[in-house]
Amino acid sequence: MLGSLCRRLLPALGRAELRTPGAALRACAATCASSRLQEDCLVLDYGGKPMRFNFVWLRDHCRSASSYNPDTHQRELDTESVELSIRPDSARVEDGHLLLTWPGGHVSKYSLSWLAENSYEAQKQKTVQPRILWNSDIYNKANIPSAKWDTFMSSDDELKKFLQNYVLYGIAFVDDVPATVEATEAVTQRVSLIRIQVFHCLKHEGTGGKTLLVDGFYAAEKLRQKSPENFELLTHVPIRHEYIESTGNHRNHMTGIGPVLNVYPWNNELYLIRYNNYDRSVINTVPHDLVQRWYVAHRELTTELRQPENELWVKLTPGKVRKLHFSKGAPLNVCIQRWPWPENYIYNYFSIFFTLSCLNEVIFIDNWRVMHGRESFTGLRQLCGCYLTRDDILSSARCFGLQA
């Protein structure tokens with residue numbers, strides 16, 4: 001059958017070759033795809049690459065009307081009903097699809113391109129979220145434009161560009177935002193539902209207070225290049241972080257447990273860094289023989305994070321908004337800081353999301369990636385704040401067709 005298909009295809013390929021040789025080659029690969037049932041899996045040869053699919057996985061991912069609802073993108077099949085020893089009775093490739101016949105007569109049909117896209121072999125090579133890693137020099141030379149308040153609030157194209165910058169760099173700016181609580185709320189809701197904290201600097205009577213930004217992924221990748229064994233250690237050893245607050249009627253006790261560096265297990269892509277030396281709790285999750293090695297690895301990561309060339313400093317003055325995006329919700333509020341802050345500090349909290357605005361400029365910061373802190377300051381600073389969630393931000397990006 002495959003031979004006859006290829007013979008029928010050859011004249012068409014010959015005619016189309018001059019116009020779209022790439023498409024012709026892809027068509028040939030699709031037509032010449034083959035499958036074979038092995039004892040514990042199905043092997044699909046497609047695009048020159050063999051892919052292996054578990055039988056239960058194939059039945060569970062059947063896209064027939066009785067198994068999957070394409071309108072709601074939800075599974076109709078009760079996976080519990082699938083026998084763990086299930087095996088197709090037959091398999092064949094036809095018109096760019098894989099057709100499987102199961103015991104009992106049910107037929108599953110899968111697009112070859114869908115299987116290729118969702119195979120483990122493809123996911124190992126695929127980037128989940130494209131990113132541009134940066135230090136201060138790289139970021140400044142990129143000359144990334146900030147969104148403008150008026151256009152940002154009315155143009156979806158401007159919002160899409162803003163979200164693209166956020167996804168790629170982990171930070172994004174909106175300029176010319178009025179220094180009011182109402183404007184802070186409006187610019188936040190333009191991006192997503194209010195659930196993550198947003199600080200808008202309405203007033204600063206004093207000196208200092210510059211914001212420090214560091215791409216944690218850039219530093220972590222440097223560590224992976226220089227000391228892969230230390231990078232690996234920091235992806236496996238769970239560490240507890242703890243944030244305790246009790247001021248008047250306001251009380252918080254948040255905990256988070258996980259490794260400092262988090263990677264997707266199938267492709268080793270970094271997706272989260274937990275680094276906050278101030279809120280790191282007692283280390284009691286590390287075996288004795290690993291404690292010293294962990295400290296050595298953590299010290300090397302800290303050295304990378306603190307390289308001067310990695311530091312991007314932003315001067316924040318009244319009018320800019322700083323958004324702290326925590327996983328917990330809170331209403332819009334205004335707070336006043338009046339004290340000299342201590343020495344420069346840098347941190348990122350668990351899975352919070354942070355943004356800051358001054359000089360009518362709003363900064364959105366991906367706190368799963370970008371370290372943020374500020375230098376000491378004197379005098380009075382008046383801030384207003386609210387909350388968003390990181391998932392909502394990425395959802396907004398995906399709705400624009402961005403990979404996030």
## Note on the structure
Of (1) at pLDDT below 85; (2) touching an Asp or Glu at 6+ places or on another chain (Cβ under 9 Å); (3) part of a loop (DSSP other than H, G, I, E, B), Ser66 satisfies every one except (1)
### Query
Can you tell me which residues in region 114-159 are within 19 Å of the chain's Cα centre (by Cα), among the charged types (D, E, K, R) and surrounded by 16 or more Cβ atoms within 10 Å (Cβ to Cβ)?
Arg131
#### Entry: Condition check for Leu193: in a loop (DSSP other than H, G, I, E, B), of a type in the set (A, V, I, L, M, F, W, C) and at pLDDT 95 or above
no
### Task
Enumerate the pairs (first residue in region 287-298 and at pLDDT 85 or above and of a type in the set (D, E, K, R); second residue anywhere and surrounded by fewer than 14 Cβ atoms within 10 Å (Cβ to Cβ) and not in a loop (DSSP other than H, G, I, E, B)) with beta-carbon separation below 9 Å, excluding pairs fewer than 6 apart on the same chain, so at least 6 apart or on different chains.
Arg293/Glu229
### Query
Regarding Arg87, is this residue part of a strand (DSSP E or B), open to solvent by 40 Å² or more (accessible area, probe 1.4 Å) and at negative phi?
no
### Message
Out of the residues in region 95-113 meeting the condition of being touching a residue at least 40 places away in the same chain (Cβ under 8 Å) and open to solvent by 60 Å² or more (accessible area, probe 1.4 Å), tell me which one is farthest from Ser34 (Cα to Cα).
### Response
Val107
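The values are calculated or read from the model by the stated rules, or taken from the named source; none is laboratory data. Since this is a predicted model, take the numbers as computed values, not measurements. Cβ coordinates were reconstructed from backbone atoms using ideal geometry, including for glycine residues, and neighbour counts include every protein chain displayed. For the accessible areas, the whole protein counts, side chains as well, though only heavy atoms, and no ligand, DNA or RNA atoms are used. Shrake-Rupley method; radii C 1.70, N 1.55, O 1.52, S 1.80 Å.
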